Amino acid sequence: MNQNQLFKQLCSQEIILTGWHLAHADSRDNFVLDPVGHVDFTSHLDERLKHLVEQVQTHRYRPRHLTDIDLPKSGLSVRPGNVLPIEESILLHAITCLIAPLLDKQLDKRVYSYRLHPDWKKRVKKRTSLFRESKIEFPFLRRATIRSISPFDAWYERWPEFEAASRTCTQDGFTHLTKTDITAYFENIDLRLLETQIRSLLKGREEKIIHLLFRILEGWTRDTITGTPIGRGIPQGNEISSFLGNIYLIPLDKELIKFCRQHNAKWFRYVDDVKVFTKSEEDARQAVFIINDSLRSLHLNLQGSKTEILSDKKLTEELDDSEIKKVDDAFEKIKSLNPDKQNNSKKISEYLRNTGTFVSRFRRNLPESVKNLSGKNNRLFRRLMTIYGHCRRAHLKKSAFTALKELPDLRILEKSLTYLSQLDYGTHDEIADTLFKMLESRQLPFPYQTGSVLRQFQFFTRKMQIK
């Protein structure tokens with residue numbers, strides 16, 4: 001490959017236009033939506049893209065400021081979220097469209113998250129994502145319904161394949177699972193190390209496009225109290241960062257490959273969620289040490305509260321997905337039935353009967369039953385709200401309101417509001433009144449929660465106008 005061929009391609013209106021389509025599609029899942037859907041940018045699209053190309057060609061491009069948002073987590077903590085200016089998002093998607101086919105080849109098959117789609121060229125032409133979604137385990141997920149489902153739901157990406165691969169390990173005689181997570185992963189990615197890795201993977205042939213990419217990323221890093229940039233962190237909340245995050249952990253993957261060959265073990269990774277299966281506790285402990293040492297060399301740290309070695313009953317419970325599968329099976333039967341037709345009500349009730357025990361778990365003993373949900377229980381609760389919302393069943397209405405107050409979690413926030421909005425029109429006045437009282441009494445401590453609820457009022461208003 002000749003020097004800087006990708007940069008030459010980047011300086012074409014065609015590639016920048018591709019970047020626009022990819023960025024526009026990705027923006028639908030932004031933490032804060034553009035109020036006019038970037039129509040203002042589209043109205044003079046050719047001129048704006050031409051100007052962007054000229055800035056890149058003449059090396060005069062300067063990144064703009066990100067929109068920073070504190071996103072709620074359990075325990076009243078927050079994590080940072082970012083919304084990219086549309087010009088930066090266009091450029092990042094165009095750059096990634098060019099470099100991802102070369103970088104994705106360097107990722108091991110046991111890395112499940114944000115992999116380049118096998119038909120990525122066709123998908124780009126259709127103006128959709130570069131990256132691969134899960135196999136059709138849940139056929140009811142279609143582009144037309146994506147907007148009503150939180151992008152953070154586990155079943156939307158390739159998480160089901162990640163979990164399915166884990167479940168096969170016990171059948172192969174593996175008795176111990178080491179599971180880990182990384183503390184504040186995206187915030188602590190060292191840009192110098194990431195740049196060095198990408199330069200090495202591209203064999204030093206694409207200096208110009210790498211330089212531009214990291215000039216943009218460096219322009220977004222936070223300053224210290226003295227005003228000095230720290231050189232760490234990439235924006236959170238977009239596909240590009242998730243893909244770059246995968247690349248950053250390639251050194252960890254290599255260490256895991258070496259460890260598993262030596263100890264007859266298996267490993268899998270979904271972004272920064274790592275699982276290693278071994279046949280002894282000694283090997284399981286050694287896996288923790290290997291992961292910790294590798295992460296330290298990347299200026300990262302294990303999250304102690306999420307690092308566990310599971311075996312026997314705990315391992316069985318960890319891998320048991322029977323409850324979620326029952327909900328998915330029920331949805332598979334119900335999805336084709338229109339809940340607004342009265343003659344479907346009996347069938348829907350019959351299919352929902354197998355999920356009744358799970359619903360009772362989240363209705364009784366409120367607020368404790370929804371106050372500290374994590375892991376599979378959190379996912380189960382969200383999936384129940386998905387199916388009961390689809391069926392217009394108000395069984396979880398009180399639980400949803402309680403979760404909004406008691407469990408400051410972004411995924412719960414989005415799913416609860418979606419569920420409430422799907423209930424029968426006759427309940428909307430009551431729901432809107434309850435949400436307003438929650439705002440008035442300051443029961444929602446985070447500004448992002450307030451903004452999300454106010455956005456939901458717009459939905460109710462539109463529904464009323466339609467009626």
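Each value in this text was obtained by applying a stated rule to the coordinates, not by laboratory testing. Quantities reported herein were computed from a predicted structural model and do not represent experimental measurements. Cβ: placed from backbone, ideal geometry, glycine included. Neighbour counts: every protein chain shown.
Across segment 165-232, the volume of the C-alpha convex hull divided among the residues equals 142 Å³ per residue. In order along segment 106-118, the Karplus-derived 3J(HN,Hα) couplings, from 6.51 cos²θ - 1.76 cosθ + 1.60 at θ = phi - 60°, round to 7, 8, 5, 5, 7, 8, 9, 8, 6, 8, 4, 5, x Hz, and Gly and Pro are given as x. Based on Cα contacts under 8 Å between residues 6+ apart, the chain shows a relative contact order of 17 percent. Each residue of segment 305-318 is assigned a 3J(HN,Hα), and the resulting list reads 5, 10, 9, 9, 10, 10, 8, 6, 4, 5, 5, 4, 5, 4 Hz, derived from the Karplus form 6.51 cos²θ - 1.76 cosθ + 1.60 (θ = phi - 60°), x at Gly and Pro. Evaluating 6.51 cos²θ - 1.76 cosθ + 1.60 at θ = phi - 60° for every residue in segment 179-193, the Karplus couplings come out as 10, 9, 9, 10, 5, 6, 4, 4, 5, 10, 5, 7, 5, 5, 5 Hz, glycine and proline recorded as x. When only alpha carbons of segment 283-343 are considered, Rg and Dmax amount to 20.8, 62 Å.
Which pairs in the list LYS254/LYS376; LYS371/LYS415; LYS73/LYS397 are over 18 Å apart, alpha-carbon to alpha-carbon? It would help to have the intermediate numbers written out before the result.
Working: LYS254/LYS376 29 Å; LYS371/LYS415 15 Å; LYS73/LYS397 22 Å.
In this structure, LYS254/LYS376; LYS73/LYS397 exceed 18 Å between Cα atoms.
With contacts taken as Cα pairs under 8 Å at a separation of at least 6 residues, segment 27-101 carries a relative contact order of 24 percent.
Dimensions of segment 7-63 based on its C-alpha atoms, expressed as ranges along the principal axes with the largest first, amount to 32, 21, 20 Å. Of LYS126/LYS208; LYS346/LYS398; LYS208/LYS275; LYS326/LYS405; LYS8/LYS125, which sit over 25 Å apart, Cα to Cα? Over 25 Å apart, Cα to Cα: LYS126/LYS208; LYS208/LYS275; LYS326/LYS405.
A protection proxy built from the mean count of other Cβ atoms within 10 Å ranks the segments 312-318, 120-126, 6-12, most packed first, as 6-12, 120-126, 312-318.
Rounded, prolate or oblate: which fits segment 253-316 when a ≥ b ≥ c are the square roots of the eigenvalues of the alpha-carbon gyration tensor, with rounded for a/c under 1.5 and prolate only if a/b beats b/c? Verdict is oblate for segment 253-316. Database remark: amide H of PHE131 closer than 5 angstrom to the amide H of HIS117 (H placed geometrically; neighbours at sequence offset of 5 or more, or on other chains; Pro and chain starts carry no H). Let me make sure I get this right: for the chain, a, b and c are the square roots of the gyration tensor eigenvalues over alpha carbons, sorted descending. Under 1.5 in a/c it's rounded, otherwise prolate if a/b > b/c, else oblate. Which is it? Oblate is the answer for the chain, as a/c is 1.5 or above yet b/c matches or exceeds a/b. Across segment 349-463, the mean sequence separation of Cα contacts (distance under 8 Å, 6 or more residues apart), normalised by length, yields a relative contact order of 23 percent.
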